Amino acid sequence: MNDGSQFDRGLADLMRAAQAGDQLAYAQLLNVLAPLLRRSIKRWRPFLKPEDIEDLVQDTLLSLHQARATYNPERALLPWVMAIVRNRVIDGARRYIARAAHEVVVDELPETFSDDETNTIEGGYGDPEALRLAITTLPPGQRQAIEMMKLREMSLKEAAAQSGLSVAALKVAVHRGMTTLRKAMGTKA
């Protein structure tokens with residue numbers, strides 16, 4: 001027998017003992033496997049940062065722990081472990097791709113300044129007097145809903161309790177009132 005198969009047989013013996021409940025054998029197995037996993041992952045993915053490699057090692061050890069009862073003691077241990085490592089590396093790549101798909105690359109970051117005038121959006125909010133007049137032309141229910149919800153910033157529950165209207169009726173009144181105001185002010189809906 002060569003050294004590689006003796007090494008694997010020794011690991012398989014540790015796993016068999018661990019499956020039988022020997023905690024010391026299990027700790028020894030994990031202590032031998034951790035650096036082996038680290039080297040294998042580093043060899044397969046040399047571009048990974050050390051912390052990413054360590055995350056994959058830990059994921060693999062967790063998977064090994066969860067699957068230890070499925071190991072067949074009649075077979076070699078290292079191919080079984082390396083299949084778990086390969087799956088964890090693939091899962092890690094999938095997670096990386098999924099995260100990267102949601103990232104937004106920006107060429108120019110927005111600037112903010114300490115002077116309030118430089119942080120305002122051009123065009124402002126329009127004519128406050130025209131808005132006040134437009135609100136007075138609303139039907140009473142819509143006007144009351146707009147005043148409570150938009151001007152006094154009451155919650156739906158608070159406004160419903162004060163007005164005696166249902167939450168649904170308030171929502172409808174606010175929506176209709178806002179639509180009417182947008183038309184009166186000449187803004188987009």
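Return yes or no: is residue 5 among the hydroxyl-bearing types (Ser, Thr, Tyr), surrounded by 10 or more Cβ atoms within 10 Å (Cβ to Cβ) and modelled with pLDDT of 90 or more?
Taking the combined requirement at face value, the residue does not satisfy it.
To keep it simple, each residue is scored yes or no on (1) more than 36 Å from the chain's Cα centre (by Cα); (2) at pLDDT 85 or above; (3) assigned to a loop (DSSP other than H, G, I, E, B).
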| residue | (1), (2), (3) |
| --- | --- |
| 129 | yes, no, no |
| 134 | yes, yes, no |
| 157 | no, yes, no |
| 180 | yes, yes, no |
| 188 | no, no, yes |
In the stretch 38-58, anything buried (at least 16 other Cβ atoms within 10 Å of the Cβ) and over 13 Å from residue 93 (Cα atoms) is listed as 38, 40, 57
Look at residue 150 and say whether it is assigned to a helix (DSSP H, G or I) and under 25 Å from residue 128 (Cβ atoms). yes
Could you tell me whether residue 45 is assigned by TED's automatic domain parsing to the domain that holds residue 95 and under 13 Å from residue 85 (Cβ atoms)? yes
Sort out which residues of the stretch 45-72 are touching a residue at least 24 places away in the same chain (Cβ under 8 Å), among the polar types (S, T, N, Q) and closer than 17 Å to residue 19 by Cβ, and write them in order of number. 63
Does residue 75 meet the test of being of a type in the set (Lys, Arg), outside any helix (DSSP H, G or I) and more than 23 Å from the chain's Cα centre (by Cα)? yes
Long-range neighbours under 9 Å by Cβ, at least six apart or interchain, first residue in the same structural domain as residue 36 (by TED's automatic domain parsing) within the stretch 73-86, second aliphatic (A, V, I, L, M) and surrounded by fewer than 15 Cβ atoms within 10 Å (Cβ to Cβ): 80/67; 84/67
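The values are calculated or read from the model by the stated rules, or taken from the named source; none is laboratory data. None of the values given here were measured: they were computed from a predicted structure. Here the Cβ is made from the backbone with ideal geometry for all residues, glycine too, and neighbour counts use every protein chain on show.
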